[in-house]
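Q: First the structure, which I've put down as structure tokens, then a few questions once you've had a look.
The values are calculated or read from the model by the stated rules, or taken from the named source; none is laboratory data. Keep in mind that this is a model prediction, so the values were computed, not measured. Quick reminder, even Gly has a Cβ in these numbers, built from the backbone with ideal geometry, and neighbours come from all protein chains shown. Side chains included, ligands, DNA and RNA excluded: accessible areas come from the protein's heavy atoms. Shrake-Rupley method; radii C 1.70, N 1.55, O 1.52, S 1.80 Å.
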Amino acid sequence: YQWTNFLSLSCGGRTSFRDTSNISWVPDTSYITTGKTTTITYSDDSSALNISARFFLNSRRRKCYRIPVNNSTTLVLVRATFLYKNYDGLGKPPKFSASIGTAIAATINLAESDPWSEEFLWTVNKDTLSFCLNAIPKGGSPVISSLEIRPLPQGAYTNGMADFPNKLLRKSYRIDCGHSN
């Protein structure tokens, strides 16, 4: 299968770059027109990281990314990563929801886990995929650091999706069955 039309958005990023896995990342400015940007610095197990992010202050309405999709009926993997790390100095990790189209897909609570990652499989039946962040009353400002769209091969997950038309599949967990260490 030829993997084409991968889209990796550096939310709040200012320049394009290639990561250590040779994946091309682009700024998200062509796909959303609202929100403020910042750089979040934090340490993981091995090094200090600078990660760009987009946040939405005083957000009452949903804030949506509009992603053009070439094939009007295609299954896509949507992966979003959310990062707080007290970038605003307030010490109040936000809680908000994410939706694909009008369907609420997940509730993100960065007080429980920071960073937070979500993955969904969604059948796109329009020429645009809408991925939205929705504020929750007293939940703080939604924030996102990356958004990835991966068209899947024709026929992928046919059995899993057949019983759930117009629904999404959400990753519950992942098991690596081939890793040796």
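Q: Go through the range 88-102 and give me each residue that's touching an Asp or Glu at 6+ places or on another chain (Cβ under 8 Å) and part of a loop (DSSP other than H, G, I, E, B).
A: Result: 93, single match.
Q: Next question. Out of (1) surrounded by fewer than 17 Cβ atoms within 10 Å (Cβ to Cβ); (2) in contact with a strand residue (DSSP E or B) (Cβ under 7 Å, 6 or more places away or on another chain); (3) assigned to a loop (DSSP other than H, G, I, E, B), what's the single condition that is false for residue 85?
A: Result: residue 85 passes all but (1).
Q: Continuing with this model, one more query. Residue by residue through the range 1-17, note down the ones that are within 20 Å of residue 151 (Cβ to Cβ) and in a strand (DSSP E or B).
A: Residues satisfying the conditions are 7, 8, 9, 10.
Q: Counting just the residues of the range 140-181 that are surrounded by fewer than 16 Cβ atoms within 10 Å (Cβ to Cβ), of a type in the set (D, E, K, R) and under 21 Å from residue 6 (Cβ atoms), which one comes out modelled with the lowest pLDDT?
A: Per the criteria, the residue is 170.
Q: Here's a check for you: in the range 110-128, which residue that is within 14 Å of the chain's Cα centre (by Cα) and farther than 27 Å from residue 87 by Cα is most open to solvent (accessible area, probe 1.4 Å)?
A: 122
Q: Restricting to the range 91-102, give me the number of residues that are open to solvent by 60 Å² or more (accessible area, probe 1.4 Å) and at pLDDT 95 or above. Give the steps one after another, and end with the answer.
A: Step one: list which residues in the range 91-102 are open to solvent by 60 Å² or more (accessible area, probe 1.4 Å), which gives 92, 95, 102.
Pick out the ones that are also at pLDDT 95 or above and you get 92, 95.
Looking only at that region, the number is 2.
Q: Residue 20 - would you say it is over 27 Å from residue 156 (Cβ atoms), β-branched (Val, Ile, Thr) and surrounded by fewer than 19 Cβ atoms within 10 Å (Cβ to Cβ)? Please lay out each step first, then the result.
A: On the way: over 27 Å from residue 156 (Cβ atoms): no; β-branched (Val, Ile, Thr): yes; surrounded by fewer than 19 Cβ atoms within 10 Å (Cβ to Cβ): yes.
In short, no.
Q: Quick test for you: out of 80, 105, pick the one residue that is part of a strand (DSSP E or B), more than 26 Å from residue 16 (Cβ to Cβ), open to solvent by less than 20 Å² (accessible area, probe 1.4 Å) and touching a Leu at 6+ places or on another chain (Cβ under 8 Å).
A: After applying the criteria, what remains is 105.
Q: Against the definition (out of contact with any Cys (no Cβ under 9 Å at 6 or more places or on another chain), of a type in the set (Lys, Arg) and surrounded by 11 or more Cβ atoms within 10 Å (Cβ to Cβ)), how does residue 63 come out, yes or no?
A: When the stated conditions are applied, residue 63 does not pass them.
Q: Looking only at residues in the range 27-51 that are without any contact (Cβ under 8 Å) to a residue 12 or more places away in the chain, of a type outside the set (Val, Ile, Thr) and assigned to a loop (DSSP other than H, G, I, E, B), which one is most open to solvent (accessible area, probe 1.4 Å)?
A: 45
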